[in-house]
1. Find which of Gly76, Gly51, Met11 sits farthest along the positive direction of the dipole of segment 1-106, computed with +1 on the beta-carbon of Lys and Arg, -1 on that of Asp and Glu, about the Cα centre.
2. I need two numbers for segment 106-193: Rg to one decimal and Dmax as a whole number, Cα atoms only, in Å.
3. Report the residue, chosen from Thr121, Thr81, Thr13, that carries the largest GNM mean-square fluctuation when the chain is represented by alpha-carbon nodes joined by springs under 10 Å.
4. In deg cm²/dmol, rounded to 500, what helix-only [θ] at 222 nm does the chain give when every DSSP H run of at least 4 residues adds -39500 (n - 2.57) and the total is split over its residues?
5. Select one label from (i) 18.9, 61; (ii) 25.0, 84; (iii) 22.8, 71: the one whose number is Rg and Dmax of the Cα atoms in Å as derived from the coordinates shown.
6. Between segment 12-80 and segment 109-180, how far is it from one alpha carbon centroid to the other, in angstrom?
7. Rg and Dmax of segment 65-164, using alpha carbons, in Å: what are they?
8. Can you compute the charge dipole magnitude of the chain about its Cα centre, using +1 on each Lys and Arg Cβ and -1 on each Asp and Glu Cβ, nothing else charged? Give it in debye, rounded to the nearest 20.
Amino acid sequence: MKVNHSARRDMLTFNMIGYSVVIIFTIVCLIPFLLTLSGSFTEESSLFQDGYRLIPKSVSLDAYALIFKSPKVIFGAYGVTISLVVLGTALGLFLTTMTSFVLHRKDFRYRNKFAFYFFFTTLFSGGIVPWYIIMINLGMKNNYLALLLPNLLSVFNIIIMRTFFTAIPESIGESAKIDGAGDFTIYRKLYLPMSVPALATIGLFLAITYWNDWYPAMLFISKDELIPLQYQLYKVFNDMQFAQQVASQTGISVGNMPSETFKMAMTMVTIGPIIVLYPFLQKYFIKGMTVGAVKG
């Protein structure tokens, strides 16, 4: 009885400490988000006078009005980014799983050589100048593929996926082969259905990468119809800062531009869809990362 009572007390103490840590960590993460959300709806002058508050003292939609001043441009940028996320995630998952499936097979003769080739690129890279020259010579200037191709295949994702495939018993593939299944059938009908947590994890990584990426657009894209959301907002912010700088030097009035609240509103516009998507993938994401951590 004493042992059970002691174990119950230890479990209660452990749970109290664990829940306390999680609650504190949640508050630390949640407060900056709420301050950003509140700041995006605060009047610029009130933000400077009263500081950041959880409930705005003076509500204003000026920052969002500035962002959506040209709705055709913003929604066009949304369209480019969403198409990149959908297409890039689907193609990236296909290439990552196919590569990982081949690299985890022990009967693949050149498995170690190909694995070394992939992992070597994580230690050294050619640099941005050779990459830029190659992309230009391949005709990627103002080309949609310049936004799609750079993030399709990541060695980090391959490592996670290969680790997950390695955890699947080889006897499953061997028994399917005895029944006459080919390698692609084994990959498509056996390995992929059993790898949903890892697929969700890699899919989320790819989707966030494509959603947040703006660097290739800055280097290769000048056509307005091909500019993704992140780079479009970056351009709007730079234009606004340039106008304020010119106005301060020349004395010409450019009106009240909500520069600080614009940053907050820009953050909310860019992270909103990812926040909506994450709860649906959370359980698969945690499971996939746990398996990768244990086996890796």
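1. Met11
2. Here Rg and the maximum Cα pair distance are 17.9, 52 Å.
3. Most flexible of the set in this elastic network: Thr13.
4. Numbers: 14 runs with 217 residues, N = 296.
Mean residue ellipticity, 222 nm, calculated: -24000 deg cm²/dmol.
5. Identified label for the calculated read-out: (ii).
6. Using only Cα atoms to place each centre, the spacing works out to 37 Å.
7. Calculated on Cα positions, Rg and Dmax stand at 17.8, 60 Å.
8. On the way: 23 positive and 15 negative charges, 212 e Å.
Using only the charged Cβ atoms, the result is roughly 1020 debye.
A short reminder: the numbers here are calculations on the coordinates, not readings from a lab. The structure displayed is predicted, hence computed values, not measured ones. Every residue, glycine among them, receives a Cβ derived from its backbone with ideal geometry; neighbour counts consider all protein chains shown.
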